[in-house]
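Enquirer: Below: one structure in structure tokens.
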Amino acid sequence: MKKVVKFGGSSLASAEQFQKAGSIIRAEESRRYVVPSAPGKRFSGDTKVTDMLYDCYETAIGGKNFDVKLKKIQERYNEIIEGLGLTLSLDQEFEKIHEFFENGAGTNYAASRGEYLNGIIMANYLGYEFIDAAEVIFFSEDGEFDSEKTNRVLSSRLDKTERAVIPGFYGALPNGTVKTFSRGGSDITGSIVARAAKADLYENWTDVSGCLVTDPHIVENPKPIEIITYRELRELAYMGASVLHDEAIFPVRSEGIPINIRNTNDPSAPGTMIVESTCKKPEFTITGIAGKKGFAAINIEKDRMNSEVGFARKVLSVFEENGISFEHLPSGIDTMSVFVHQSEFEEKEQKVLAGIHRIVDPDYMELESDLALIAVVGRGMRSARGTAGRIFSALAHADINIRMIDQGSSELNIIIGVNNEDFETAIQAIYDIFVVTRL
């Protein structure tokens with residue numbers, strides 16, 4: 001058994017959290033490759049090291065003295081080093097960071113130093129080899145992740161390395177300049193390392209015991225999800241569920257490597273297994289519920305729309321010309337609705353409406369604003385009759401008006417549109433009928 005383990009920022013925020021992570025790693029010989037994030041918040045109101053680095057760098061490029069801010073960041077790391085009883089000095093590393101900040105090394109370099117320094121500490125603490133991610137994770141000149149080159153070089157390096165720490169979140173461009181993934185990208189690094197190591201399992205350690213059926217800020221103590229497929233997680237992540245960076249699925253998916261979301265503060269909890277496919281039946285008809293507020297709908301009506309070749313393409317070309325992407329496109333014989341992010345649409349709404357009038361000459365158009373979209377996702381829905389009916393029933397009992405419903409062809413998800421003000425109530429109602437009462 002060979003495992004790659006990634007620890008999130010809250011799991012490495014202090015010496016005490018480092019010790020918990022160290023105990024987890026040492027508990028199993030199979031945990032051979034470790035991917036650390038930068039230190040997160042130690043307590044409510046604290047600041048993440050990555051945010052401190054961004055702020056420090058902005059001060060530096062603004063031509064102001066940033067010594068005090070950089071010293072505070074070093075103090076955070078020294079606190080961890082002292083708490084772990086290590087004889088390690090990061091003085092030379094911080095001198096180099098100071099020099100690079102003065103010379104305008106870029107925000108990518110600045111942000112990446114949080115993971116880089118934590119990686120040095122973790123390697124020293126465990127007695128593992130340290131591999132700088134900039135030496136083994138590559139981006140092309142246009143900033144796109146170079147999957148095949150990375151896998152080739154990293155696989156070769158890990159073949160010769162029994163145990164190693166590889167910092168998360170960043171890699172390098174062809175010229176050696178540091179390039180980061182999007183925020184939360186350490187999840188992606190863990191997945192990349194798992195693929196290169198041909199791991200049996202990728203463990204992602206965070207501060208929650210796996211994925212939950214829905215947002216605990218909306219539903220009190222929602223049930224945990226024991227097992228979820230890559231596809232289900234992608235659908236939920238797209239609609240706002242945020243336990244794992246949605247791009248982290250792709251490297252391991254290509255190799256069929258499962259991901260296990262675990263809780264550093266409760267290592268005995270089994271967490272959630274994320275797999276390509278499974279014969280195990282879900283506990284409930286649905287796997288999860290997620291959603292987002294802040295959508296607008298452009299409703300278009302025209303007689304015999306269905307017989308007009310290229311009608312939808314023409315309409316969507318107007319949105320494309322204005323740099324607006326659409327979320328959903330429910331349609332009927334003579335009607336078509338385009339759901340978009342309201343914040344993107346508002347400043348260009350009149351240009352879009354005029355463009356639609358010119359290109360397709362609709363009989364009628366109407367705008368609806370302040371809408372929310374909710375995704376009900378689950379592989380169990382394929383074999384369960386009346387899922388949509390149960391959703392209608394739950395929302396009707398909660399006195400919620402459904403503005404849109406759209407089921408994907410895979411029967412894996414149903415998207416419901418409601419008013420923003422009904423968002424939380426709708427999620428609670430759907431959760432209750434499928435999970436609490438199971439009617």
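The values are calculated or read from the model by the stated rules, or taken from the named source; none is laboratory data. Note that the coordinates shown come from a computational prediction; the quantities given were computed from them, not determined experimentally. With ideal geometry, Cβ positions are generated from the backbone for all residues, glycine too; neighbour counts draw on all protein chains shown. With ligands, DNA and RNA removed, areas are computed over all heavy atoms of the protein, side chains included. Shrake-Rupley method; radii C 1.70, N 1.55, O 1.52, S 1.80 Å.
Enquirer: Restricting attention to the range 297-339, and to residues there that are of a type in the set (S, T, Y) and assigned to a strand (DSSP E or B), which single residue is nearest to the chain's Cα centre (by Cα)? Break it down into steps so the answer makes sense when it comes.
Expert: Step one: of the range 297-339, the residues of a type in the set (S, T, Y) are 307, 317, 325, 331, 335, 337.
Right, trim to assigned to a strand (DSSP E or B) and you get 331, 335, 337.
On the way: S331: 30, T335: 34, S337: 28 Å.
Residue satisfying both the conditions and the ranking: S337.
Enquirer: Still on this model: Can you say whether S156 is hydroxyl-bearing (S, T, Y) and part of a loop (DSSP other than H, G, I, E, B), as far as the supplied structure shows? Break it down stepwise before answering.
Expert: Working: hydroxyl-bearing (S, T, Y): yes; part of a loop (DSSP other than H, G, I, E, B): no.
No: the conditions fail for S156.
Enquirer: I need a count of the residues in the range 235-282 that are open to solvent by 30 Å² or more (accessible area, probe 1.4 Å) and in contact with a Cys (Cβ under 8 Å, 6 or more places away or on another chain).
Expert: 2
Enquirer: Let me ask something additional. So which of E58, E144, E115, E148 is among the charged types (D, E, K, R) and over 24 Å from the mean Cα position of the chain (by Cα)?
Expert: Values: E144 fails: over 24 Å from the mean Cα position of the chain (by Cα); E115 fails: over 24 Å from the mean Cα position of the chain (by Cα); E148 fails: over 24 Å from the mean Cα position of the chain (by Cα).
One residue alone meets the criteria, E58.
Enquirer: Right, V338: among the hydrophobic types (A, V, I, L, M, F, W, C) and either crowded, with 19+ Cβ neighbours inside 10 Å or touching a residue at least 40 places away in the same chain (Cβ under 8 Å) (or both) or not?
Expert: Working: among the hydrophobic types (A, V, I, L, M, F, W, C): yes; either crowded, with 19+ Cβ neighbours inside 10 Å or touching a residue at least 40 places away in the same chain (Cβ under 8 Å) (or both): yes.
For V338, the condition - among the hydrophobic types (A, V, I, L, M, F, W, C) and either crowded, with 19+ Cβ neighbours inside 10 Å or touching a residue at least 40 places away in the same chain (Cβ under 8 Å) (or both) - is met.
Enquirer: With I414, I359, I402 as the choices, which residue is modelled with pLDDT of 90 or more and surrounded by 20 or more Cβ atoms within 10 Å (Cβ to Cβ)?
Expert: Details: I359 fails: surrounded by 20 or more Cβ atoms within 10 Å (Cβ to Cβ); I402 fails: surrounded by 20 or more Cβ atoms within 10 Å (Cβ to Cβ).
Being modelled with pLDDT of 90 or more and surrounded by 20 or more Cβ atoms within 10 Å (Cβ to Cβ) holds for just one of I414, I359, I402, which is I414.
Enquirer: Follow-up question, since we're still on this one. If a residue has to be outside any loop (DSSP other than H, G, I, E, B) and more than 13 Å from T285 (Cβ to Cβ) to count, how many in the range 395-431 make the cut?
Expert: Taking the range 395-431 first, the residues outside any loop (DSSP other than H, G, I, E, B) are 395-397, 404-407, 413-431.
Checking which are more than 13 Å from T285 (Cβ to Cβ) leaves us with 395-397, 404-407, 415-429.
Adding up the residues that qualify gives 22.
Enquirer: Going by the conditions given, is E347 open to solvent by 30 Å² or more (accessible area, probe 1.4 Å), modelled with pLDDT of 95 or more, assigned to a helix (DSSP H, G or I) and of a type outside the set (A, V, I, L, M, F, W, C)?
Expert: Details: open to solvent by 30 Å² or more (accessible area, probe 1.4 Å): yes; modelled with pLDDT of 95 or more: no; assigned to a helix (DSSP H, G or I): yes; of a type outside the set (A, V, I, L, M, F, W, C): yes.
No: the conditions fail for E347.
Enquirer: Return yes or no: is R385 closer than 30 Å to S277 by Cβ and basic (K, R)?
Expert: On the way: closer than 30 Å to S277 by Cβ: yes; basic (K, R): yes.
For R385, the condition - closer than 30 Å to S277 by Cβ and basic (K, R) - is met.
Matching residues to (1) in a helix (DSSP H, G or I); (2) charged (D, E, K, R); (3) closer than 19 Å to D132 by Cβ:
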{"residue": "V4", "(1), (2), (3)": "no, no, yes"}
{"residue": "Q17", "(1), (2), (3)": "yes, no, no"}
{"residue": "R26", "(1), (2), (3)": "yes, yes, no"}
{"residue": "P39", "(1), (2), (3)": "no, no, yes"}
{"residue": "M52", "(1), (2), (3)": "yes, no, no"}
{"residue": "A60", "(1), (2), (3)": "yes, no, no"}
{"residue": "E75", "(1), (2), (3)": "yes, yes, no"}
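Enquirer: Would it be correct to say that I166 is touching a Ser or Thr at 6+ places or on another chain (Cβ under 8 Å) and under 27 Å from V275 (Cβ atoms)?
Expert: On the way: touching a Ser or Thr at 6+ places or on another chain (Cβ under 8 Å): yes; under 27 Å from V275 (Cβ atoms): yes.
The answer is yes for I166.
Enquirer: Something else: Step by step: first the residues of the range 68-78, then only those that are among the charged types (D, E, K, R) and without any contact (Cβ under 8 Å) to a residue 24 or more places away in the chain, then the one that is surrounded by the most Cβ atoms within 10 Å (Cβ to Cβ). Which residue is that? Talk me through it step by step, then tell me what you get.
Expert: Of the range 68-78, the ones among the charged types (D, E, K, R) are 69, 71-72, 75-76.
Going one step further and asking which of them are without any contact (Cβ under 8 Å) to a residue 24 or more places away in the chain, we end up with 69, 71-72, 75.
Working: K69: 18, K71: 13, K72: 14, E75: 9.
Only one residue fits best here, namely K69.
Enquirer: Is it fair to say K64 is outside any loop (DSSP other than H, G, I, E, B), of a type in the set (K, R), at pLDDT 95 or above and open to solvent by 70 Å² or more (accessible area, probe 1.4 Å)?
Expert: Values: outside any loop (DSSP other than H, G, I, E, B): no; of a type in the set (K, R): yes; at pLDDT 95 or above: yes; open to solvent by 70 Å² or more (accessible area, probe 1.4 Å): yes.
Criteria not met by K64.
Enquirer: Can you name the residue in the range 117-146 that is in a loop (DSSP other than H, G, I, E, B) and touching a Pro at 6+ places or on another chain (Cβ under 8 Å) and, of all such residues, is farthest from I166 (Cα to Cα)? Talk me through it step by step, then tell me what you get.
Expert: If we filter the range 117-146 for residues that are in a loop (DSSP other than H, G, I, E, B), which is where we start, we get 127-128, 131-132, 136-137, 140-144, 146.
Those left that are additionally touching a Pro at 6+ places or on another chain (Cβ under 8 Å): 132, 140-141.
On the way: D132: 6, S140: 20, E141: 23 Å.
That would be E141.
Enquirer: Within the range 283-322, can you find the residues that are among the hydroxyl-bearing types (S, T, Y) and surrounded by 19 or more Cβ atoms within 10 Å (Cβ to Cβ)?
Expert: If we filter the range 283-322 for residues that are among the hydroxyl-bearing types (S, T, Y), which is where we start, we get 285, 287, 307, 317.
T285, T287 - these are the residues of the range 283-322 that are among the hydroxyl-bearing types (S, T, Y) and surrounded by 19 or more Cβ atoms within 10 Å (Cβ to Cβ).
Enquirer: Would you confirm, using the coordinates I've provided, whether G8 is within 30 Å of E255 (Cβ to Cβ), crowded, with 19+ Cβ neighbours inside 10 Å and small (G, A, S)?
Expert: Criteria met by G8.
Enquirer: Looking at G168, G176, G114, G104, which is the one that is under 22 Å from I80 (Cα atoms), out of contact with any Cys (no Cβ under 9 Å at 6 or more places or on another chain), assigned to a loop (DSSP other than H, G, I, E, B) and not β-branched (V, I, T)?
Expert: Sole residue among the options that is under 22 Å from I80 (Cα atoms), out of contact with any Cys (no Cβ under 9 Å at 6 or more places or on another chain), assigned to a loop (DSSP other than H, G, I, E, B) and not β-branched (V, I, T): G168.
Enquirer: G22 passes all but one of (1) touching a Ser or Thr at 6+ places or on another chain (Cβ under 9 Å); (2) of a type outside the set (K, R); (3) part of a helix (DSSP H, G or I); (4) open to solvent by less than 10 Å² (accessible area, probe 1.4 Å); which number fails?
Expert: If we test G22 against (1) touching a Ser or Thr at 6+ places or on another chain (Cβ under 9 Å); (2) of a type outside the set (K, R); (3) part of a helix (DSSP H, G or I); (4) open to solvent by less than 10 Å² (accessible area, probe 1.4 Å), just (1) comes out false.
Enquirer: Of all residues in the range 96-137, count the ones that are under 19 Å from G190 (Cα atoms), open to solvent by 10 Å² or more (accessible area, probe 1.4 Å) and out of contact with any Phe, Trp or Tyr (no Cβ under 8 Å at 6 or more places or on another chain).
Expert: Within the range 96-137, residues that are under 19 Å from G190 (Cα atoms), open to solvent by 10 Å² or more (accessible area, probe 1.4 Å) and out of contact with any Phe, Trp or Tyr (no Cβ under 8 Å at 6 or more places or on another chain) number 6.
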